[in-house]
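The block underneath contains the structure these notes are about, expressed in structure tokens.
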Amino acid sequence: MQQSTRKVVRTIESNMIPTSSRVVFDWDKTLKIIGSTSSSEKKTNIFSRVTKNFLAHLKEEKGCELFIISARKPSQMGIETVLIETDRLGLTDYFCSTRTVFGKREEVRKGDSHWVREGNIIICDYNKAEVFNAVVEGKEERPAVIFDDEEVNIVNFSKIVPGSLCYHLVA
């Protein structure tokens, strides 16, 4: 079994991601950032930590498969909320090749794991690594690269997903 790697980083860079990887982004505070456009502005906005060009580069030039796996409680409302936010940021198409416009999203219970998903956008509470393994089970092996702002998720991925590159994003 290949050893996983854990690193603390402040940014997400292309050179951290091997070609043909499965790249997992946490949603809240990792891929999605909340802030305001100026110090005097009281309204908060959401932003993406990476650009659409960067995600396109990962998919098209590096051949990566992209995932958002969020620790939000699995529910139809929870996945709809994440989809509204990814739509607002113009990111949904990088994670979903097809999209159900309305209706119930895929909901899975497998052992102790429970998740709801639309394409590669998944909400599953804190058993992210177990759910990732279940989702890719039976598919070709590829390197796994994980970006998350919570150290516990990085530790879990590094223990449960053999050979993964796990990046703990800090402010």
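Things worth noting here:
- Contact annotation: residue pairs with Cβ atoms under 9 Å, 6 or more positions apart or on different chains, pairing a residue in the range 136-162 that is farther than 14 Å from Gln3 by Cβ with a partner that is part of a helix (DSSP H, G or I) and charged (D, E, K, R), are Ile146/Lys128; Asp148/Lys128; Asn153/Lys128; Asn156/Lys128; Asn156/Glu130.
- Members of the range 48-78 that are within 13 Å of the chain's Cα centre (by Cα) and not in a loop (DSSP other than H, G, I, E, B): Ser48, Leu55, Glu65, Leu66, Phe67, Ile68, Ile69, Ser70
- Close pairs (6 angstrom Cβ cut-off, 6 or more residues apart or separate chains): more than 17 Å from Glu61 (Cα to Cα) and buried (at least 19 other Cβ atoms within 10 Å of the Cβ) in the range 3-23, at pLDDT 95 or above and hydroxyl-bearing (Ser, Thr, Tyr) anywhere: Ser4/Ser158; Ser4/Ser164
- Beta carbons closer than 8 Å, at least 6 apart along the sequence or on distinct chains, pair a first residue in the range 105-124 that is free of Cβ contacts under 8 Å to residues at least 24 places away in the same chain with a second that is in a strand (DSSP E or B) for Glu106/Val116; Glu106/Arg117; Glu106/Glu118.
- For the range 107-171, the strands (runs of 3 or more DSSP E) that sit wholly inside it and include 3 or more residues that are of a type outside the set (Phe, Trp, Tyr) and modelled with pLDDT of 95 or more are 121-123, 144-148, 165-169.
The values are calculated or read from the model by the stated rules, or taken from the named source; none is laboratory data. A quick note: this is a predicted structure, and the numbers were derived from the prediction, not measured. A quick note on method: Cβ atoms are made from the backbone with ideal geometry, for glycine too, and the neighbour counts reach across all protein chains shown.
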